[in-house]
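A.B. asks: Below you will find the structure I want to go over with you.
The values are calculated or read from the model by the stated rules, or taken from the named source; none is laboratory data. This one's a predicted model, so the numbers in the text were calculated from it and none came from an experiment. Glycine gets a Cβ as well: all are built from the backbone with ideal geometry, and neighbour counts include every protein chain shown. What goes into the accessible areas is simple: the full protein's heavy atoms, side chains included, and nothing from ligands, DNA or RNA. Shrake-Rupley method; radii C 1.70, N 1.55, O 1.52, S 1.80 Å.
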Number of protein chains: 2
Amino acid sequence: MAVIGASSDPTKIGGRPIHHLRDAGFTGAIYPINPHRDEVQGIPALRSLDDVPGEIDLAIVAVPTGAVLDAVTACAGKGVKVAILFSAGFAEMGPDGAALQEQLVQVAGAAGMRLLGPNCIGAASGEIGAIATFAFAVQLPKPEGPLPRVALVSQSGAIGGHSVAAALPRGFQFDPWVTTGNEADIDVADCVAYLAMDDSVSAIAVYMEGCRSGERLKAALDIAFQRRKPVIMLKAGESDVGAAAAASHTASLVGSNQAYDALFHRYNVCRVGSITELVQMSYALAVGRLPAGRRLGILTGSGGGGILAADAASVSGLEVPPLPAAAQERLKAIWSAASVVNPIDTTAQVTNDPALLSSFLDVVLSEGDFDVVLLFLTYIGMRRPWSDNVVESLRKVRAAHPDATVMVSMLGTDDVLRDVRALGMPLFEELGDAVTVTARLGRLAENFTVRPEPEGWSGRTVRRLGPGEARTESSAKRLLSDIGIPVAREVLVTSAEDAARAAEEIGGAVAMKVESPDVLHKSEAGGVVLDVASPDEAAAAYDRITGAVRSAVPDADIHGVLVAEMVTGGVETILGIQNDASLGATVVFGLGGIFVEVLGDVSCRLAPIGVEEAEAMIREVKGFDLLDGARGRPRCDVPALADALSKLSFFAADNPDVLDSIDINPFIVLPEGQGAVAVDALVARRAAAH
Amino acid sequence: MAVIGASSDPTKIGGRPIHHLRDAGFTGAIYPINPHRDEVQGIPALRSLDDVPGEIDLAIVAVPTGAVLDAVTACAGKGVKVAILFSAGFAEMGPDGAALQEQLVQVAGAAGMRLLGPNCIGAASGEIGAIATFAFAVQLPKPEGPLPRVALVSQSGAIGGHSVAAALPRGFQFDPWVTTGNEADIDVADCVAYLAMDDSVSAIAVYMEGCRSGERLKAALDIAFQRRKPVIMLKAGESDVGAAAAASHTASLVGSNQAYDALFHRYNVCRVGSITELVQMSYALAVGRLPAGRRLGILTGSGGGGILAADAASVSGLEVPPLPAAAQERLKAIWSAASVVNPIDTTAQVTNDPALLSSFLDVVLSEGDFDVVLLFLTYIGMRRPWSDNVVESLRKVRAAHPDATVMVSMLGTDDVLRDVRALGMPLFEELGDAVTVTARLGRLAENFTVRPEPEGWSGRTVRRLGPGEARTESSAKRLLSDIGIPVAREVLVTSAEDAARAAEEIGGAVAMKVESPDVLHKSEAGGVVLDVASPDEAAAAYDRITGAVRSAVPDADIHGVLVAEMVTGGVETILGIQNDASLGATVVFGLGGIFVEVLGDVSCRLAPIGVEEAEAMIREVKGFDLLDGARGRPRCDVPALADALSKLSFFAADNPDVLDSIDINPFIVLPEGQGAVAVDALVARRAAAH
């Protein structure tokens, strides 16, 4: 390992890595490069990289911005495999910096050398003592003994170092960890993929601001998913709900934040909202076990704690089923004043009778039908003899139930907390945090069983969007019909007489709409008449529509007027496709009208999805009850809706290069067994594909 | 102070209070009562309370359940002012225990003695060393020096003790604190009122599960409000959204949880969701300052931290305005690589150049237009020399800006955290927590300026609900009209001919509805016909309605049929009154149809409210945009709507004893300037008032 810009001062950025490497017992060779010194921190220094006798695996570049290109060029010349660039002042500073950064990439790429950074704080792997960082987080005092660990990838150096520091008091460590900075070359996706393939890594925590390539990120997350390796994700920029500038309707509904949620949903990535949550989830994965599901038993010595835990469980989506009756009786026999259903409350008697905790816990673990048992023991761990009693009780219980998933919330002294953690029982000061983490662990465990690829995807016939296809409403609907999505009956007519005839054929009231690739806002142009009740009215409406559109959009190429059945008696929904700039095609579902327009109540998935996943996303919107027979309404044909969403998503996934968006609005879902119908549709192409 | 059931063992429940009192230097007399001992913990013991020479202010009762009544009787006989009952086994155990508890209340009440408990852990006031508790939380090691303090009231002993313990490591204390247990006599409201009147108490933290008297709780919170004393409230049972069993429509929408929210909103009580949040808010109030508002400046050395802070601020409703241009230039002159808008980022350079922090902070505090400045300094406080530099910088800044509200998020060693706190800068490990607390402090500060009593309330003419009034739809609407709420034009007719005449008079389409106190579900009984287009149709509809209702509800007393104008072109809303069993009349607002029915999207206030507060609650519902001209709709007459809500709330507040609920559904709000109209109304009386 070479350090270019090596400093004799172990507190300087160029001095710290050497100090850290020696501290960590790195056994490989260290070559300080410094033209002005003979030795650096007791190691012989070399004037230049060329003086290094043999190959260099890793070069750390800790020089001023202006000297980085020369250093990288030297590394490339020497055949260095990877260079870590600490220096800032590149793409993050604007166009000039970006140009300089691009030069680094060119030089490295030509030599087959990988770059980490610039503007990063490096990486560290404790296993081999390879502490290639200037972050002082690696020098903080550690709890004794081998620490359980979780890997960490952070785009931000500060958040990375902060997380590394925050892990230690909790009795675990982030290791290996890597920060990617400006990601001139190596990015978060590279690191996640690498760590997912490393058998010694059990879980991966990630801090990410954006991604350079959605496809590579997907591939990386897929590796982790296939290997059932939990990924905990803190994605910054949550409040940036995306620009509303895009042309289509769904574009303004699906900010890139929702596309990221769709991505994370697909690969069972656990998205968290803060550094503390990132650290807490990592801690629980390092110290504890993944529960089998979300059935929670609550055992406490505080009635109030039981209520708070039940409140938190309800918010988090955990189930709190009752203890079986026989077990309830057994607990009552031990202490008659206890509450024994769930939450189970020993009462404060637990502080008088130390045996109560282990006897209750034993019954709950043996006979309760729970995936996780949560103990809330208030501040009992803060003072002897109570704390000793608790630790002893938990030891006994762990010996009898070695595989039980037990979470603990308690205040305690450092030694008590350490003893409890050593039993594989993750410990949280805040009860609500213990519940939230438990719920997230349960969801992680459940969703590893969901396959990311939908049924029918492999071996399907790919249907491509043709060059001239779907440029008008009627041709868009023909396309939908062709891919298996039902559309309203309609006829394109070019005269008032034909309009009357079409209305007669269709029967009942009809809707009439101008057909023209040049009229995007048909209603505003006078191009739509609804509830046309008779053939005569249809003839009159034909003339009215064509007249209005001709005066509103004089140059419009009018193909005719669509005469379509009026679909009534169903619930209006919106199905959409939106191609996210980095993550690719997403499929979007919402209830029509105000639900989407006023509340933005939509669900979103990466395309493609199967019908099962489609049904899950349908059930996810807040207004789902409207489709499910709320307040005496008929239940709607949700299977037909799910089928359409799935087919739409397949088409989107087969045309990511040409499709910008599809809006089917409204897609009317009829009562159960009666199907669903697309009434209007708009297909937009990517700018390059026009 | 007497301790009945005094024990020589300082770890036993009867021994701990004496131990604690002596530890705390209590200077009053302590009388251990124990018939079997001559001395207890070095203090002469007395055989019975009667042997005490002189008056007893406070008696602690620490005896088995079965001996409590005798002890309380003895206290009453001796003229004890207050007895604290530790013992459990009363109302919390069911009817027998409740009966026993009632006996205690009778005995104490007859003697004018107040009771705290039973089933509580007591109370403590550090100022006079009156540590009347068996909780070992009072014995935990405290940080040195006088600790800033906040008062605490907890219904649960365990949560109370836990909070007391959790405060200490944060460098503040809960003091005085009191736990109320079963609240046989003294309850949370008593304690809040008392503490609100104590000038030495600056803020009050409360854990509450339920309240015995809404009126007394309101009175207590009103005292705190009038004295601008922040109340932080952890109300358990949040997930219990109330039973749907009540008769009226709004009853199922407003669980008692929402009534509590309305109560807390009125008295500017800050509701939190966990013990940690209770402790954190108390900590911020103890250590820091109430900011003037919600304009947040963010200063950090981490770009990622800036993004996370901005995300959290957006979620919390804080504003993040830019630094003025001149100040931005000044910062750029200090360090050109900095981000200077807001979030302001010194970059990691802050670890190389210690002066950067104070010079940046000085500019931000002097020239930024912020109510609060939040510093995020990652883990810089964990290691020298960086931690020393930070503390020195912050000292310098505090000296120059003694009144600035500064929040800090940083990891640090205990001594560093203590030093920063001593500067009056509340410190949080988690950035998101710092932001959430800041937002809550800002809201607290802003809302102390809102008067709880609406304009026009004092001096109004009280309008009582008459005994036979409002038992049918039309008479309910007459009542509304009488209290100033506009209703649709309508005529009650008793023949087909009159129906035709009424339809002609009203003009346009009309709605017809059966008028009968015996038909609650008019549509189901065939009692409603809408869109009646002509006088002839009205005559026919009259016969159809009366015939259908007669066969559906044979015994119904049919007063006739209402012929009413069809109101079109507005937005349907629902106005309601719901009398909460403990908190009294609440006024409820929601958008009509699916918003309320499917989404439960309602807002709620305690009655009465003025028009300003009514407008605030209208704006609070998620679908407000529908009234505000969303997607090209006309803007609605929100002032007319607010006026109706306020008038309705006045009426509700004047009739809490007789009213159970009122539903005005729909209340149609017309476009701006055109008013609003009640189309249907139902008034339900309290069971006792029928």
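A.B. asks: So A:Val61 fits all but one of (1) open to solvent by less than 40 Å² (accessible area, probe 1.4 Å); (2) in contact (Cβ under 8 Å) with a residue 60 or more places away in the chain; (3) among the β-branched types (Val, Ile, Thr); what number is the exception?
C.D. replies: Every listed condition holds for A:Val61 apart from (2).
A.B. asks: Hey, another quick one. Of A:Gly484, A:Gly456, A:Gly424, A:Gly466, which residue is small (Gly, Ala, Ser), at pLDDT 95 or above and outside any strand (DSSP E or B)? Please lay out each step first, then the result.
C.D. replies: Values: A:Gly456 fails: at pLDDT 95 or above; A:Gly424 fails: at pLDDT 95 or above; A:Gly466 fails: at pLDDT 95 or above.
On inspection, the qualifying residue turns out to be A:Gly484.
A.B. asks: Check B:Phe651, B:Phe667, B:Phe595 and return the single one that is more than 27 Å from the chain's Cα centre (by Cα) and open to solvent by less than 10 Å² (accessible area, probe 1.4 Å). Give the derivation first.
C.D. replies: Details: B:Phe651 fails: more than 27 Å from the chain's Cα centre (by Cα); B:Phe595 fails: more than 27 Å from the chain's Cα centre (by Cα).
Answer to the selection: B:Phe667.
A.B. asks: Which one of B:Ala88, B:Ala99, B:Ala124 is under 28 Å from A:Leu377 (Cβ atoms) and open to solvent by 40 Å² or more (accessible area, probe 1.4 Å)? Please lay out each step first, then the result.
C.D. replies: On the way: B:Ala99 fails: under 28 Å from A:Leu377 (Cβ atoms); B:Ala124 fails: open to solvent by 40 Å² or more (accessible area, probe 1.4 Å).
Checking each option against the conditions leaves just B:Ala88.
A.B. asks: For the stretch A:169-179, enumerate the residues that are farther than 16 Å from A:Ile232 by Cβ and modelled with pLDDT of 95 or more. Show your work before the answer.
C.D. replies: Going residue by residue through the stretch A:169-179, those that are farther than 16 Å from A:Ile232 by Cβ are A:169, A:171, A:179.
Within the stretch A:169-179, just A:Thr179 meets the criteria.
A.B. asks: Counting only residues that are under 26 Å from B:Leu682 (Cβ atoms) and either part of a helix (DSSP H, G or I) or modelled with pLDDT of 95 or more (or both), how many does the stretch B:513-542 have?
C.D. replies: Taking the stretch B:513-542 and keeping what is under 26 Å from B:Leu682 (Cβ atoms), we get B:513-532, B:538, B:541-542.
Applying the additional criterion that residues be either part of a helix (DSSP H, G or I) or modelled with pLDDT of 95 or more (or both) yields B:538, B:541-542.
Number satisfying all stated conditions: 3.
A.B. asks: I would also like to ask the following. Please go through the stretch A:506-547 and pick out each residue that is of a type in the set (A, V, I, L, M, F, W, C) and open to solvent by 30 Å² or more (accessible area, probe 1.4 Å). Even if it seems obvious, please write down each step before you answer.
C.D. replies: From the stretch A:506-547, those of a type in the set (A, V, I, L, M, F, W, C) are A:506, A:509-512, A:514, A:519-520, A:525, A:528-530, A:532-533, A:538-541, A:545; that's our starting set.
Once the filter is applied, which keeps residues that are of a type in the set (A, V, I, L, M, F, W, C) and open to solvent by 30 Å² or more (accessible area, probe 1.4 Å), the stretch A:506-547 yields A:Ala509, A:Leu520, A:Val528, A:Leu530, A:Ala533, A:Ala540.
A.B. asks: Can you name the residue in the stretch B:409-420 that is within 14 Å of chain A (Cβ to nearest Cβ) and farther than 18 Å from B:Gly303 by Cα and is also surrounded by the most Cβ atoms within 10 Å (Cβ to Cβ) among such residues? Talk me through it step by step, then tell me what you get.
C.D. replies: Step one: filter the stretch B:409-420 for residues within 14 Å of chain A (Cβ to nearest Cβ), giving B:409-414, B:416-417.
Still in the running and farther than 18 Å from B:Gly303 by Cα: B:412-414, B:416-417.
Details: B:Gly412: 24, B:Thr413: 15, B:Asp414: 11, B:Val416: 22, B:Leu417: 22.
The qualifying residue surrounded by the most Cβ atoms within 10 Å (Cβ to Cβ) is B:Gly412.
A.B. asks: Within the stretch B:360-397, how many residues turn out to be within 14 Å of chain A (Cβ to nearest Cβ), assigned to a helix (DSSP H, G or I) and either in contact (Cβ under 8 Å) with a residue 40 or more places away in the chain or under 20 Å from B:Leu431 (Cα atoms) (or both)?
C.D. replies: Counting residues in the stretch B:360-397 that are within 14 Å of chain A (Cβ to nearest Cβ), assigned to a helix (DSSP H, G or I) and either in contact (Cβ under 8 Å) with a residue 40 or more places away in the chain or under 20 Å from B:Leu431 (Cα atoms) (or both) gives 3.
A.B. asks: Okay, next question. Give the residues of the stretch A:1-40 that are more than 14 Å from chain B (Cβ to nearest Cβ), of a type in the set (S, T, N, Q) and either in contact with a Pro (Cβ under 8 Å, 6 or more places away or on another chain) or without any contact (Cβ under 8 Å) to a residue 40 or more places away in the chain (or both), sorted by residue number.
C.D. replies: Once the filter is applied, which keeps residues that are more than 14 Å from chain B (Cβ to nearest Cβ), of a type in the set (S, T, N, Q) and either in contact with a Pro (Cβ under 8 Å, 6 or more places away or on another chain) or without any contact (Cβ under 8 Å) to a residue 40 or more places away in the chain (or both), the stretch A:1-40 yields A:Ser8, A:Asn34.
Table: residues versus (1) more than 25 Å from B:Ala422 (Cβ to Cβ); (2) not in a helix (DSSP H, G or I).
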position: B:Leu263; (1), (2): yes, no
position: B:Ala284; (1), (2): no, no
position: B:Ala309; (1), (2): no, no
position: B:Leu331; (1), (2): yes, no
position: B:Ser336; (1), (2): yes, yes
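A.B. asks: In addition: With respect to the numbered conditions (1) touching a helix residue (DSSP H, G or I) at 6+ places or on another chain (Cβ under 8 Å); (2) more than 14 Å from chain B (Cβ to nearest Cβ), which one is the sole condition not fulfilled by A:Ala439?
C.D. replies: (2)
A.B. asks: Just one of A:Arg398, A:Arg440 is under 30 Å from the mean Cα position of the chain (by Cα) and basic (Lys, Arg); which is it?
C.D. replies: Details: A:Arg398 fails: under 30 Å from the mean Cα position of the chain (by Cα).
Of A:Arg398, A:Arg440, the one residue that is under 30 Å from the mean Cα position of the chain (by Cα) and basic (Lys, Arg) is A:Arg440.
A.B. asks: Those residues that are within 14 Å of chain A (Cβ to nearest Cβ) and part of a loop (DSSP other than H, G, I, E, B), I need them from the stretch B:80-110; list them, please.
C.D. replies: Within the stretch B:80-110, B:Phe86, B:Ser87, B:Ala88, B:Gly89, B:Phe90, B:Gly94 qualify.
A.B. asks: Which one is nearest to the other protein chains (Cβ to nearest Cβ) among residues in the stretch A:169-184 that are open to solvent by 10 Å² or more (accessible area, probe 1.4 Å) and farther than 23 Å from A:Met113 by Cα?
C.D. replies: Result: A:Pro169.
A.B. asks: Okay, next question. Would you call A:Leu591 farther than 23 Å from A:Pro666 by Cα and either out of contact with any helix residue (DSSP H, G or I) (no Cβ under 7 Å at 6 or more places or on another chain) or not acidic (Asp, Glu) (or both)? Don't jump to the end; show me each part of the working.
C.D. replies: Values: farther than 23 Å from A:Pro666 by Cα: no; either out of contact with any helix residue (DSSP H, G or I) (no Cβ under 7 Å at 6 or more places or on another chain) or not acidic (Asp, Glu) (or both): yes.
The answer is no for A:Leu591.
Per-residue answers, yes or no, for (1) surrounded by fewer than 24 Cβ atoms within 10 Å (Cβ to Cβ); (2) part of a loop (DSSP other than H, G, I, E, B):
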site	(1), (2)
B:Pro141	yes, yes
B:Ile159	no, no
B:Ala167	no, no
B:Ile186	yes, yes
B:Ala193	yes, no
B:Asp199	yes, yes
B:Arg212	yes, yes
B:Arg216	yes, no
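A.B. asks: OK, next. Which members of the stretch A:283-324 meet the condition of being open to solvent by less than 10 Å² (accessible area, probe 1.4 Å), away from chain B (no Cβ under 14 Å) and small (Gly, Ala, Ser)?
C.D. replies: A:Ala284, A:Gly293, A:Gly297
A.B. asks: Which residue is nearest to the other protein chains (Cβ to nearest Cβ), if the candidates are limited to the stretch B:398-408 and must be surrounded by 23 or more Cβ atoms within 10 Å (Cβ to Cβ) and in contact (Cβ under 8 Å) with a residue 40 or more places away in the chain?
C.D. replies: B:Met407
A.B. asks: Do you know which of the residues in the stretch B:338-349 that are more than 9 Å from chain A (Cβ to nearest Cβ), in contact with a Gly (Cβ under 8 Å, 6 or more places away or on another chain) and assigned to a loop (DSSP other than H, G, I, E, B) is farthest from B:Ser387 (Cα to Cα)? Spell out how you get there, then give the answer.
C.D. replies: Step one: list which residues in the stretch B:338-349 are more than 9 Å from chain A (Cβ to nearest Cβ), which gives B:338-346.
So of that shortlist, the ones also in contact with a Gly (Cβ under 8 Å, 6 or more places away or on another chain) come out as B:339, B:342-346.
Then keep just the ones that are assigned to a loop (DSSP other than H, G, I, E, B); that gives B:342-343, B:346.
Numbers: B:Asn342: 24, B:Pro343: 22, B:Thr346: 16 Å.
Filtering the stretch B:338-349 for residues that are more than 9 Å from chain A (Cβ to nearest Cβ), in contact with a Gly (Cβ under 8 Å, 6 or more places away or on another chain) and assigned to a loop (DSSP other than H, G, I, E, B), the one farthest from B:Ser387 (Cα to Cα) comes out as B:Asn342.
A.B. asks: Are any residues in the stretch B:37-78 hydrophobic (A, V, I, L, M, F, W, C), assigned to a helix (DSSP H, G or I) and closer than 22 Å to B:Ile186 by Cα, and if so, which ones?
C.D. replies: First, the residues of the stretch B:37-78 that are hydrophobic (A, V, I, L, M, F, W, C): B:40, B:43, B:45-46, B:49, B:52, B:56, B:58-63, B:67-69, B:71-72, B:74-76.
With the extra rule that they be assigned to a helix (DSSP H, G or I), the set shrinks to B:49, B:67-69, B:71-72, B:74-76.
If the condition is that a residue be hydrophobic (A, V, I, L, M, F, W, C), assigned to a helix (DSSP H, G or I) and closer than 22 Å to B:Ile186 by Cα, then B:Ala67, B:Val68, B:Leu69, B:Ala71, B:Val72, B:Ala74, B:Cys75, B:Ala76 are the ones that fit.
A.B. asks: Go through the stretch B:136-150 residue by residue and tally those that are in contact (Cβ under 8 Å) with a residue 12 or more places away in the chain and either in contact with a Lys or Arg (Cβ under 8 Å, 6 or more places away or on another chain) or acidic (Asp, Glu) (or both).
C.D. replies: Quick first cut of the stretch B:136-150, residues in contact (Cβ under 8 Å) with a residue 12 or more places away in the chain only: B:136-143, B:147-150.
This time we only want the ones that are either in contact with a Lys or Arg (Cβ under 8 Å, 6 or more places away or on another chain) or acidic (Asp, Glu) (or both), so: B:136, B:139-140, B:143.
The qualifying residues number 4.
A.B. asks: May I pose another question? Of all residues in the stretch B:72-81, which are open to solvent by less than 40 Å² (accessible area, probe 1.4 Å) and free of Cβ contacts under 8 Å to residues at least 40 places away in the same chain?
C.D. replies: Residue satisfying the conditions is B:Ala76 alone.
A.B. asks: Out of the stretch A:27-42, which residues are hydrophobic (A, V, I, L, M, F, W, C) and open to solvent by 20 Å² or more (accessible area, probe 1.4 Å)?
C.D. replies: First pass over the stretch A:27-42, keeping only residues hydrophobic (A, V, I, L, M, F, W, C): A:29-30, A:33, A:40.
Answer for the stretch A:27-42, where residues must be hydrophobic (A, V, I, L, M, F, W, C) and open to solvent by 20 Å² or more (accessible area, probe 1.4 Å): A:Ala29, A:Ile30.
A.B. asks: Additional query: Could you check, for the stretch A:562-572, whether at least one of its residues is buried (at least 16 other Cβ atoms within 10 Å of the Cβ) and within 14 Å of chain B (Cβ to nearest Cβ)?
C.D. replies: Scanning the stretch A:562-572, I find at least one residue that is buried (at least 16 other Cβ atoms within 10 Å of the Cβ) and within 14 Å of chain B (Cβ to nearest Cβ), so the answer is yes.
A.B. asks: Can B:Ala108 be described as open to solvent by less than 10 Å² (accessible area, probe 1.4 Å), over 29 Å from B:Ser163 (Cα atoms) and out of contact with any Pro (no Cβ under 6 Å at 6 or more places or on another chain)?
C.D. replies: On the way: open to solvent by less than 10 Å² (accessible area, probe 1.4 Å): yes; over 29 Å from B:Ser163 (Cα atoms): yes; out of contact with any Pro (no Cβ under 6 Å at 6 or more places or on another chain): yes.
Spelling it out, B:Ala108 is indeed open to solvent by less than 10 Å² (accessible area, probe 1.4 Å), over 29 Å from B:Ser163 (Cα atoms) and out of contact with any Pro (no Cβ under 6 Å at 6 or more places or on another chain).
A.B. asks: Failed condition for A:Asp637, given (1) modelled with pLDDT under 95; (2) buried (at least 20 other Cβ atoms within 10 Å of the Cβ); (3) charged (D, E, K, R), with all others met?
C.D. replies: Condition not satisfied by A:Asp637: (1).
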